[in-house]
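The values are calculated or read from the model by the stated rules, or taken from the named source; none is laboratory data. All values derive from a computational prediction rather than experimental measurement. Quick reminder, even Gly has a Cβ in these numbers, built from the backbone with ideal geometry, and neighbours come from all protein chains shown. To get the accessible areas, we keep the full protein, side chains included, count just its heavy atoms, and leave off ligands, DNA and RNA. Shrake-Rupley method; radii C 1.70, N 1.55, O 1.52, S 1.80 Å.
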Amino acid sequence: MSLVETYLSGLNEVLSPDAREQLTIATGADAGQLAAIRDAYPACPDSLLELWSRVDGTYWRTYGDTKIAVRMLGADVDNGKYPYYLLSTGQALNMHSAGYASDSITERYGDCVQEDPDMVDARIDPNVPMSKRLCFSHCMNNGGTSVLYVDFDPAAGGKVGQVMRFLHDPDSYAVIAESFDVYLQQLIKDGYRFVLEDE
């Protein structure tokens, strides 16, 4: 059983019946969609591509005539109890091409990056355009509070493919896992703490 299969199997055991039913409606991305992701992000983790091959997004994603919204990922926010959606391949590519994504953290915040050492993790290069990072997840607040990326252009001390979390108010950027595989393993180890009781 692959890591993704293990992850989805464990997730299925803790989700509510309604969320489980919604996930049965979801289908995976096709070969063309996965190739488009690989073209845009050649270093995209195989495990993320495998996840998309099984579930092409749960962020208000329409499959046939049915729209689903299943929070199936997590991060370090609220002691790991804050849930996130999986974006679809199409949504991720739209994030890549969106005009606002062409600026860097430094361009967005200016001198604040230097003045506040806690704002940007030392393993993150604040001068890299955000569009070079693969946004794969929005939080339950529709991304307004937190967003997750795979970062392919780290600063010294970081690792290619590290998982990066943006958190709003106060804004900060942190590395939460050294790879997407490690990220999934952490969520499994933590017992899918992000799954809400009323999920």
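Quick look at the numbers
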| item | result |
| --- | --- |
| Residue satisfying all of: in the range 130-149; open to solvent by 20 Å² or more (accessible area, probe 1.4 Å) and in contact with a His (Cβ under 9 Å, 6 or more places away or on another chain); nearest to residue 162 (Cα to Cα) among these | 132 |
| Which numbered condition residue 57 misses (of (1) more than 17 Å from residue 195 (Cβ to Cβ); (2) open to solvent by less than 40 Å² (accessible area, probe 1.4 Å); (3) part of a helix (DSSP H, G or I)) | (3) |
| Filtered residues of the range 29-49 (kept if without any contact (Cβ under 8 Å) to a residue 40 or more places away in the chain and surrounded by fewer than 17 Cβ atoms within 10 Å (Cβ to Cβ)) | 30, 31, 32, 35, 38, 39, 42, 46 |
| Any hit, the range 131-142, residues being within 25 Å of residue 36 (Cβ to Cβ), at pLDDT below 95 and aliphatic (A, V, I, L, M) | no |
| Sole residue being over 21 Å from residue 187 (Cβ atoms), without any contact (Cβ under 8 Å) to a residue 40 or more places away in the chain and open to solvent by 10 Å² or more (accessible area, probe 1.4 Å), chosen from 21, 13 | 21 |
| Test for residue 185: is it open to solvent by 30 Å² or more (accessible area, probe 1.4 Å), modelled with pLDDT of 95 or more and in a helix (DSSP H, G or I) | yes |
| The range 110-129 - residue that is among the β-branched types (Val, Ile, Thr) and not in a loop (DSSP other than H, G, I, E, B) and, of those, surrounded by the most Cβ atoms within 10 Å (Cβ to Cβ) | 120 |
| Count - residues of the range 53-105 that are in contact with a Pro (Cβ under 7 Å, 6 or more places away or on another chain) and over 30 Å from residue 127 (Cβ atoms) | 1 |
| Output for the range 61-108, where each listed residue is farther than 18 Å from residue 7 by Cβ and in contact with a His (Cβ under 8 Å, 6 or more places away or on another chain) | none |
| Subset of the range 61-81 [in contact (Cβ under 8 Å) with a residue 24 or more places away in the chain and either part of a helix (DSSP H, G or I) or over 14 Å from the mean Cα position of the chain (by Cα) (or both)] | 61, 63, 64, 66, 68, 69, 77, 79, 80, 81 |
| Residue check, residue 84 in a strand (DSSP E or B), within 15 Å of the chain's Cα centre (by Cα) and not aliphatic (A, V, I, L, M) | yes |
